[in-house]
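The structure appears right after this line, and notes come after that.
The values are calculated or read from the model by the stated rules, or taken from the named source; none is laboratory data. Bear in mind the structure is a predicted one, so any value in this text is a computation, not a measurement. Don't worry about glycine lacking a Cβ; one is built from the backbone with ideal geometry, like all the others, and counts go over all protein chains shown.
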Amino acid sequence: MSLLEAQREQTRARYPDAQGYVERDGVRVFYEVYGHGEPTVFLLPTWSIIHSRHWKMQIPYLARHFRVLTFDGRGNGKADRPSGIAAFTEHEFAEDSLAVMDATETESAVVVGLSCGTLWGTLLAADHPERVAGAVFIGPAVPLAPGHPERNVHSFQERLDTDEGWAKYNRYYWLEHYEEFLEYFFSQMFTEPHSTKQIEDCVSWGLEIAPETLIESSEALELCGLESFRDTCERVRCPVLVLHGDEDAIRPHAQGSALAEATGGTLVTLEGSGHGPHARDPVKVNLLIREFIENVERRTQ
Amino acid sequence: MDRRLARREGGATASAEVLTTREQTRARYPDDEGYVERDGVRVFYEVYGDREPTVFLLPTWSIIHSRHWKMQIPYLARHFRVLTFDGRGNGRSDRPEGVAGYGEEQHAADALAVMDETDTERAVIVSLSLGAQRSLLLAASWPERVKAVAFISPSVSLGEPLPSRIVHSFEDVLDTDDGWAKYNRHYWVRDYRAFLEFFFSQFFNEPHSTKQIEDCVGWGLETTPETLVNTRLAIVMEEEETRALCEGLRCPVLVIQGTADAITGRSRGIELASATGGRLVLLEGSGHGPHVRDPVKVNLLLREFVESVT
């Protein structure tokens, strides 16, 4: 909170109509509700390196057509920072998501997840099919296909004798050069030209979580194994749309296409896009999300 | 580009420079376009929309061409008829030889010829930077054709120049090319792109302007340093003449000026508003191209102004 207060939040195109906290096992997360239309679009948290403001290009548009629900995932934004790896598993995020739906009387929603948000988005859809009418996954970070080889060279846990490139994805580097890590990471997230604003935004959101907490959240996500994730995908019954940039430098396009296949979903390949097409190409992504939601609605009516 | 190429293959001759750059897709394409020739020099115009009145987006310094209005055209054309053209020296317009072809009176006469050719009896004219001088000439010489004038970041001989811009000679060979020393004819010929990159980094000094800078550098490369030197040498409108033109203006005037303008400074805009008795809108923190960097704000100001005079 003190960090949040220290940073002046940017003005918004649209402010929430309702907001509040939900507490689960002593951990509070902060949610926001925009608009009143049907159905509800639930913009899920991603990895706690950023918080719900990364949806800022979606919220004002989608809220003109639907009710929009979002929340800051544990570890960042106005949510609590619990300690311990166990506090950051995909199960905790899925349970938080369900608690936010309950607190806001959201019977069912179309969920939208970015990157790691796919882990809890799929889990929510698999475990609570009656609550999830459809799911959109953007740049999914899933274990269904190998990661980029250059991200597999260096150890996260051991102290390295280099900090070149992805060697920055290392706990010691985070603890000692956190801001430089963030700058590098988001330069890889937004590989499109003219992304300085998006990078600057994300770096500043990244500074709202301490590197110690980010390490725990990162280690927790590593625990999600291929077998359990495959099982989750098989249990997803709702319509699925996967959007993946073919220039994604964080997570390979193959992970998105494998997810679409595993869930029986539709894959839309965004040509030239990196890992944050919703921020870098919001019109295209917003139209795809809206079209998907309207198709889901038509099917259920 | 495809449209332009198609048109070219259809028989019209486009300048060779057009083919050197690939035009980006547009949010809106012109409903009409064509060339006007005056004394053997052709300029290329475009018309968008058909609602009265006409908003006439004038050329600025020929370092860029009419695409710099790309954030205005689609919005304004939903409310008004929009007319624009590439100033001689860039875009699809000709590049006359020598300095004389680039005098302000030539640009003003081109503007009038474009109005005549497009049956534009009267218009609200909007100019950027150096376009202010031809705006003043047009409005003073043909007051019955100009309903009102909006100036964005006017470059006129009023107020004070920026101190950083009067250090170095344009004509002499310098022993430095640091900063504004790049605004030098010898440097332009030596490393034109580096000059453009520097100039537009000053033009767009707001954070996150990489796209705007890249666009303008690309447009700058559609003309040559030799042509640009000629346009620069032709820029002569002294304070006395400027003041006389301002005093003669009878139509409504709006001046939009950024407070952080690193090309002409804020004082010229403030002084022009004062000399014309026009309305001054200062944009806090804006550089020299607020219509590109803050288009929503500028478009709303322009629309409100146009509606207020009609």
Legend entry - Residues of the range A:266-291 satisfying the condition of being within 25 Å of A:ARG235 (Cβ to Cβ) and surrounded by 22 or more Cβ atoms within 10 Å (Cβ to Cβ): A:ILE289
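Here's the yes/no breakdown for (1) surrounded by fewer than 15 Cβ atoms within 10 Å (Cβ to Cβ); (2) within 14 Å of chain A (Cβ to nearest Cβ):
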position	(1), (2)
B:ASP172	yes, no
B:TYR183	no, no
B:PRO207	yes, yes
B:CYS216	no, yes
B:PRO225	no, no
B:ARG232	no, no
B:MET237	no, no
B:THR242	no, no
Inset, instruction - Tally the residues that are buried (at least 24 other Cβ atoms within 10 Å of the Cβ) and either of a type in the set (A, V, I, L, M) or on the phi > 0 side of the Ramachandran plot (or both), restricting the search to the range B:59-72. - result: 2
Inset, instruction - List the number of the failed condition for A:GLY77; all other conditions in (1) within 18 Å of A:THR104 (Cβ to Cβ); (2) surrounded by fewer than 20 Cβ atoms within 10 Å (Cβ to Cβ) hold. - result: (2)
Legend entry - Selection status of B:ARG185, at pLDDT 95 or above and in contact with a Phe, Trp or Tyr (Cβ under 8 Å, 6 or more places away or on another chain): yes
Inset, instruction - Give the residue that is farthest from the other protein chains (Cβ to nearest Cβ), with candidates limited to residues of the range A:155-180 that are in a helix (DSSP H, G or I) and free of Cβ contacts under 8 Å to residues at least 24 places away in the same chain. - result: A:TYR172
Legend entry - Residues (out of contact with any Ser or Thr (no Cβ under 7 Å at 6 or more places or on another chain), within 13 Å of chain B (Cβ to nearest Cβ) and outside any helix (DSSP H, G or I)) located in the range A:194-215: A:SER195
Inset, instruction - Look through B:ASP39, B:ASP86, B:ASP32, B:ASP50 and report the one residue that is buried (at least 19 other Cβ atoms within 10 Å of the Cβ) and among the charged types (D, E, K, R). - result: B:ASP86
Inset, instruction - Identify the single condition in (1) within 14 Å of another protein chain (Cβ to nearest Cβ); (2) touching a helix residue (DSSP H, G or I) at 6+ places or on another chain (Cβ under 6 Å); (3) loosely packed, with under 15 Cβ neighbours inside 10 Å that A:ASP246 does not satisfy, given that it satisfies every other one. - result: (1)
Inset, instruction - For residues that are over 25 Å from A:PHE93 (Cβ atoms) and in a loop (DSSP other than H, G, I, E, B), scanning just the range A:181-193, find the one that is farthest from the other protein chains (Cβ to nearest Cβ). - result: A:THR191
Inset, instruction - Considering each residue of the range A:157-180, count those that are surrounded by fewer than 18 Cβ atoms within 10 Å (Cβ to Cβ) and within 21 Å of A:LEU226 (Cβ to Cβ), and give that number. - result: 1
Inset, instruction - Give the residue that is nearest to B:ARG51 (Cα to Cα), with candidates limited to residues of the range B:274-310 that are among the hydroxyl-bearing types (Ser, Thr, Tyr) and surrounded by 15 or more Cβ atoms within 10 Å (Cβ to Cβ). - result: B:THR276
Legend entry - Which listed residue, of A:ARG237, A:ARG251, is away from every other protein chain (no Cβ under 14 Å), in a loop (DSSP other than H, G, I, E, B) and buried (at least 23 other Cβ atoms within 10 Å of the Cβ): A:ARG251
Legend entry - Close pairs from the range A:84-100: first under 13 Å from A:PRO45 (Cβ atoms), partner assigned to a helix (DSSP H, G or I) and of a type in the set (Phe, Trp, Tyr), Cβ under 7 Å, at least 6 apart: A:GLU90/A:TRP120; A:PHE93/A:TRP120; A:ALA94/A:TRP120; A:SER97/A:TRP120
Legend entry - Which listed residue is at pLDDT below 95 and touching a Leu at 6+ places or on another chain (Cβ under 8 Å), from A:LEU43, A:LEU69, A:LEU3: A:LEU3
Inset, instruction - Scan the range A:127-154 for residues that are assigned to a loop (DSSP other than H, G, I, E, B) and farther than 20 Å from A:SER257 by Cβ and jot them down. - result: A:HIS128, A:VAL153, A:HIS154
Inset, instruction - Look through A:TYR184, A:TYR169, A:TYR178, A:TYR173 and report the one residue that is modelled with pLDDT of 95 or more and under 17 Å from A:ASN76 (Cα atoms). - result: A:TYR178
Inset, instruction - Please find, among B:SER164, B:SER141, the residue that is under 30 Å from B:GLU52 (Cα atoms), surrounded by fewer than 17 Cβ atoms within 10 Å (Cβ to Cβ) and more than 14 Å from chain A (Cβ to nearest Cβ). - result: B:SER141
Inset, instruction - Would you mention how many residues in the range B:113-141 are over 19 Å from the mean Cα position of the chain (by Cα) and of a type in the set (Val, Ile, Thr)? - result: 2
